[in-house]
Amino acid sequence: MRPTMILWNTGLVETITRASLGNRRTWRITHYPQDPTETKINDYDLYDLDQNTLAPLRSVRNTEEYHLELTFAEKEVIFKKSSEQENITETIPLSTVVQPEGPGHTIFVAGLPLAVGYKTRYAVVDRWGGHGSTRVKTVTLSVSKRTIENTPFGRHGLYEVLIKPDDGSFQIREKVLVQTPHFPVRVEYTRDGNTYPASEVLAVVSRM
């Protein structure tokens, strides 16, 4: 992995940078609006992952409507959400290793040994669904096929990837680069039966 900037057609800028959290060296993946003047506050979605293991350490989402923070430890995750309407704190017990989602998903998928027919199962903590222990969801990631397509940043080999939890609460269909790291090219997200407009990558800039 290396420091990277990804520009999305939704006006989102995704950055992957080296950082630190306490005494831990991290990869910090952050989503910012490309034009920060469009919001009245510091709007961002952030994930800190351990640089060596890619274990999730912290997730923070800040918007005009709410502030959401998850702090990961070995046996539990502390979930906090605050807004004008509510203040929620949950302690989520962990009985298994969990992998990152949200912005952290980019690095997790980028480092997998993807190939046609590849399949893996793992657990995530779902920020957007469940309560307490039901936020821990087992998901299956599978690669269905390989194509060669024109993208806004050139012609590339792509893998088609599907991520689905066992409870069917959401689904992610994405196309990622065949070349490593397997950065995203197109993502289609479905939650509770609602499919959101697809997001596409316009540019990827990496520092060697």
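All of the numbers you see were taken from the coordinates with simple rules; none came from a lab. As the structure is a prediction and not an experimental result, all values here were calculated from the model. Don't worry about glycine lacking a Cβ; one is built from the backbone with ideal geometry, like all the others, and counts go over all protein chains shown.
Values computed for the structure shown
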{"item": "Inter-label distance, nm, simple model (7 Å from Cα along the C-beta direction), Ile78/Asn150", "result": "5.3 nm"}
{"item": "Whole-Hz ³J(HN,Hα) from phi, Karplus 6.51 cos²θ - 1.76 cosθ + 1.60, for region 116-122, glycine and proline x", "result": "4, x, 5, 8, 8, 10, 7"}
{"item": "For region 146-159, Karplus couplings with θ = phi - 60° (6.51, -1.76, 1.60), whole Hz, Gly/Pro x", "result": "10, 9, 10, 9, 7, 10, x, 10, x, 8, 9, x, 10, 9"}
{"item": "Computed lengthening from Asp167 to Leu202, 0.36 nm per intervening residue step minus Cα-Cα distance", "result": "9.3 nm"}
{"item": "Long-range amide H partners of Val185 with built H, under 5 Å", "result": "Lys175, Val176, Leu177"}
{"item": "Built amide H within the under 5 Å cut-off of Phe153, gap 5+", "result": "none"}
{"item": "Environment charge of Gly22, counting only residues whose C-beta is closer than 12 Å and scoring Lys/Arg +1, Asp/Glu -1", "result": "+1"}
{"item": "Inter-centroid distance (Cα atoms) of region 109-137 relative to region 150-171, Å", "result": "14 Å"}
{"item": "Using θ = phi - 60° and Karplus 6.51 cos²θ - 1.76 cosθ + 1.60, couplings along region 99-111 (whole Hz; Gly, Pro as x)", "result": "10, x, 10, x, x, x, 4, 4, 5, 4, 5, 4, x"}
{"item": "Convex hull of Cα atoms in the chain, direction-averaged projection (nm²)", "result": "12.0 nm²"}
{"item": "Selection from Val139, Val124, Val109 lying farthest towards where the dipole of the chain points positive, charges on Cβ", "result": "Val109"}
{"item": "About the Cα centre, charge dipole magnitude for the chain (Lys/Arg +1, Asp/Glu -1 at Cβ), debye", "result": "880 debye"}
{"item": "Shape call, region 43-98: gyration tensor on alpha carbons, a/c limit 1.5", "result": "oblate"}
{"item": "Selected from Thr26, Thr91, Thr37 as most flexible by GNM, with the chain as the system and alpha-carbon contacts under 10 Å", "result": "Thr37"}
{"item": "Region 39-137: C-alpha pair distances exceeding 19 Å, %", "result": "46 percent"}
{"item": "For the chain, built as a Gaussian network whose Cα springs stay under 10 Å, the top-fluctuating residue of Asn42, Asn23, Asn62", "result": "Asn23"}
{"item": "Computed lengthening from Lys40 to Arg24, 0.36 nm per intervening residue step minus Cα-Cα distance", "result": "2.6 nm"}
{"item": "Potential lengthening between Asn62 and Thr140 on full extension [0.36 nm per residue; Cα-Cα distance subtracted]", "result": "25.2 nm"}
{"item": "Beta bridge orientation in region 144-208: antiparallel %, DSSP, nearest 5", "result": "100 percent"}
